[in-house]
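Throughout, read-outs are computed from the coordinates displayed, never taken from laboratory work. Since this is a predicted model, take the numbers as computed values, not measurements. Neighbour counts run over all protein chains shown; Cβ positions are idealised from the backbone, glycine included.
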Amino acid sequence: MKMKKMKFFTGLAVMIMSVFTLTACDDDEYVYYYPPSPNALVTVKPLADGGGFYMQLDDKTAVYPYNMKKSPFGDKEVRALASLTWVKRDGGVEPDANLMPLVNVNWIDSIRTKNAVPYPADGNIEEYGDDPIEIVRDWVNIAEDGYLTLRFRTRWGTDGTVHYVNLLTGVNPDDPYEVEFKHNAYGDVNGYAGDALVAFRLGDLPDTQGKMVKLTLKYKSYSGEKSIQFDFCSKESTASAGQTERALYSSRVK
């Protein structure tokens, strides 16, 4: 499925967060505040100055946070969902040193970000599990900026078990751009269906030399083996558009 490049989307109808602020007033009146919807999927990249950071929107576009001086994630480079608004450069706004477009960060929340795993030389992949998942159709499913970001759905019990997910590379000697999603639920397979987000670094894949190739993602679904293809380029890529609901179980992914 071909995906369209995404930078910002506004007016998303579905909120990523169900948390709201409730203020009591006279006569049992209440004022509700809903946080703004996410409109960007970014890579948070710390700067060498030891505190500042910028955000990569795609392989060609980066923005600088006008209202935040330090990354909330320290010196870690992570993928994140964010709500951003543009800041106009005028007499009252000092431009950053690199003259990146300026944004205000309304909120930002990191996505579990980890390295892909080379297929073991001995072929033993038992630790990575064989439990099923479904890839949820969503605009966050994208191969860009050296990452594969995915929204997946599986079953989660009520005891807080953390699930182990990985992306294996080198699974097909004839196609270095074929990867496999592996899921170990550690026996936590009988709860409610829910979603989580995860991002995998693709730095170990061969450089595409500026060409667009097909990145094939294999995974075990509840109805059998499936695969999805993404347009992938080591230097530029594409994205899909859509809406993101709250992925409740992202904190239970390692």
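Structural remarks
- Estimated vicinal HN-Hα couplings, Hz - the stretch 157-172 in sequence order (Karplus 6.51, -1.76, 1.60; Gly, Pro = x): x, 9, 9, x, 4, 8, 8, 9, 10, 8, 10, 8, 9, x, 7, 10
- With both residues required to sit in the stretch 71-222, DSSP beta bridges show an antiparallel share near 75%.
- Distance between the C-alpha centres of the stretch 39-92 and the stretch 104-179: 24 Å, rounded to the whole angstrom.
- Beyond 22 Å in Cα-Cα separation lie the following of the pairs 45/69; 182/214; 182/226; 76/214; 45/70; 60/214: 76/214.
- What the Cβ-Cβ distance of residue 119 and residue 88 gives, at R0 = 35 Å and to the nearest 0.05, is a FRET efficiency of 0.10.
- The stretch 89-183: trypsin sites (Lys or Arg not before Pro) in DSSP coil with no more than 16 other Cβ atoms inside 10 Å: 89, 137
- Kirkwood Rh (inverse of mean 1/r, distinct Cα pairs), the stretch 109-212, angstrom: 14.8
- If you bin all the Cα-Cα distances of the stretch 48-190 at 10 Å, starting from zero, the percentages per bin are 9, 30, 29, 20, 10, 2, 0.
- Stretching the chain fully between residue 107 and residue 218 yields a gain of 36.7 nm (0.36 nm per residue, less the alpha carbon separation).
- Shape of the stretch 114-154, Cα gyration tensor, a/c cut at 1.5: oblate
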